[in-house]
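Enquirer: One structure, as C-alpha cells, below. Some questions next.
The values are calculated or read from the model by the stated rules, or taken from the named source; none is laboratory data. None of these values were measured; they are calculated from a predicted model. As a convention, Cβ positions derive from the backbone with ideal geometry for all residues, glycine included, and neighbour counts pool all protein chains shown.
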Amino acid sequence: MPVMDEFKEERSAVKNGTPKQKLTYFFDYYKWYVVGGIIAVIIIGSIIRNIVTYKDTAFYAMLVNAVSLNFPEDADDAEAFAAYAGIDTKEYKVFYDTSAQIGIDAGSDYQALQQIMVHITAADLDVMVSDTDCLMRYAYLGDFHDLRDLLSPEQLERYGDSFFYIDRAVLDEVEAARNDFNQDYTPVYGDPRRPGDMRDPVPVGVFLESGSPLLQDYTFREESPAACILVNTKHPETSVRFIDFLMSPAEAPSGVD
C-alpha cells in the first residue's frame, strides 16, 4: 500500500478512535516535540530569571578551609558585613565562598587549587581568608597586596601588631627560580608573625583576633586565620573596609569611608 494511503487510513482511524487511542497516537508521534518544547521553555525561563534577578558582585571573599557554624549553611553570614559597609544587598551581592577545602585528599586538593586559581585569574576574588600554610602558597606567588599601599597611616598603626608578613627578598628569589626553571631551589619562608627575622618584610594580611565577627560564624583549621587582599581586586576600597570589619568586634556605624 502506498505510504500516503497508509497515512490517510491511520489518520482516519485515529479520528474515529477512542480518547485513549488518540492520546496514544499523539505521544507516539509527537512526544519528542513535546519534550523538546518543555526543555526549551525551562531553558528560556531560567535565562530570563537569571537576567531579572542578576546582581553585580560588590564583594567576594573566599574562606579557604573554613566551616560555617550556622546551619543550614548559607550566605546570610555576609549580611553583617554588607550592613557594616553600607552595601545595598537588593542591588548588589556580597558573597562568602567556603567551597574550597585543601588538605583532604589529592583529588579534592587539586579541584580546590584549580578553583582558587580560576577566581584569581579572573580577578573576581577580593579577599582570601585562611590558615597560614594556605596563604603562604599564594603570598609567595605575589597574589596579595602590600597593605602599605592600601591602608591609611592610622590603619597601619592600628593593625601593626596583627600583620601577616612575607619576605620580599624570598619572593624575589622564588620568582627568579621560577623564571630560570630552577627546580633545585627550596625557599625558606620564615614566620609570618616575625618580620624582624626577614630581610625585607612586607605586610600582606592581618591575623584575625578571637573576637572577630567572622570567627563568630566560621571556624578554621588554625585558631588564628589571616585575611589577605588580592593584588588584582576590583573592589580595593570595599576590601579595606572588610579588614576594618574583621578587626573591629564592636558594632560600627554603616557607610563606606
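Enquirer: Is it fair to say Val170 is in the same structural domain as Leu63 (by TED's automatic domain parsing), in contact with a strand residue (DSSP E or B) (Cβ under 6 Å, 6 or more places away or on another chain) and crowded, with 16+ Cβ neighbours inside 10 Å?
Expert: Numbers: in the same structural domain as Leu63 (by TED's automatic domain parsing): yes; in contact with a strand residue (DSSP E or B) (Cβ under 6 Å, 6 or more places away or on another chain): no; crowded, with 16+ Cβ neighbours inside 10 Å: yes.
So Val170 does not fit the description; no.
Enquirer: Determine, yes or no, whether Ser212 is modelled with pLDDT under 95 and among the small types (Gly, Ala, Ser).
Expert: Details: modelled with pLDDT under 95: yes; among the small types (Gly, Ala, Ser): yes.
It is true that Ser212 is modelled with pLDDT under 95 and among the small types (Gly, Ala, Ser).
Enquirer: Which condition does Asp143 not pass, out of (1) within 28 Å of Gln101 (Cβ to Cβ); (2) over 19 Å from the mean Cα position of the chain (by Cα); (3) charged (D, E, K, R), if it passes all the others?
Expert: Of (1) within 28 Å of Gln101 (Cβ to Cβ); (2) over 19 Å from the mean Cα position of the chain (by Cα); (3) charged (D, E, K, R), only one is false for Asp143: (2).
Enquirer: Could you list, in sequence order, the residues of the range 97-137 that are in contact (Cβ under 8 Å) with a residue 60 or more places away in the chain and buried (at least 21 other Cβ atoms within 10 Å of the Cβ)?
Expert: Leu125, Asp126, Val127, Met128, Val129, Ser130, Cys134, Leu135
Enquirer: Give all pairs with beta carbons closer than 6 Å in which a residue from the range 211-224 that is in the same structural domain as Phe81 (by TED's automatic domain parsing) and of a type in the set (S, T, N, Q) meets a residue that is surrounded by 20 or more Cβ atoms within 10 Å (Cβ to Cβ) and not in a helix (DSSP H, G or I); count only pairs at least 6 apart in sequence or on separate chains.
Expert: Pairs that qualify, where the first residue is in the same structural domain as Phe81 (by TED's automatic domain parsing) and of a type in the set (S, T, N, Q) and the partner is surrounded by 20 or more Cβ atoms within 10 Å (Cβ to Cβ) and not in a helix (DSSP H, G or I), are Ser224/Phe207.
Enquirer: If you take the residues in the range 141-162 that are hydrophobic (A, V, I, L, M, F, W, C) and at pLDDT 95 or above, which one is surrounded by the most Cβ atoms within 10 Å (Cβ to Cβ)?
Expert: Of the residues in the range 141-162, the ones hydrophobic (A, V, I, L, M, F, W, C) are 141, 144, 147, 150-151, 156.
Keeping just the survivors that are at pLDDT 95 or above gives 144, 147, 150-151, 156.
Values: Phe144: 24, Leu147: 22, Leu150: 16, Leu151: 22, Leu156: 14.
Filtering first and then ranking leaves Phe144.
Enquirer: Would you confirm, using the coordinates I've provided, whether Gly142 is over 21 Å from Met247 (Cα atoms), small (Gly, Ala, Ser) and either in the same structural domain as Val206 (by TED's automatic domain parsing) or in a loop (DSSP other than H, G, I, E, B) (or both)? Don't jump to the end; show me each part of the working.
Expert: Details: over 21 Å from Met247 (Cα atoms): yes; small (Gly, Ala, Ser): yes; either in the same structural domain as Val206 (by TED's automatic domain parsing) or in a loop (DSSP other than H, G, I, E, B) (or both): yes.
Yes; evaluated as a whole, the condition is true for this residue.
For every residue, the table says whether it meets (1) buried (at least 16 other Cβ atoms within 10 Å of the Cβ); (2) farther than 20 Å from His145 by Cβ; (3) at pLDDT 95 or above.
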site: Asp191; (1), (2), (3): no, yes, yes
site: Pro195; (1), (2), (3): yes, no, yes
site: Met198; (1), (2), (3): yes, no, yes
site: Val202; (1), (2), (3): yes, no, yes
site: Phe220; (1), (2), (3): yes, yes, no
site: Glu223; (1), (2), (3): no, yes, no
site: Thr238; (1), (2), (3): yes, no, yes
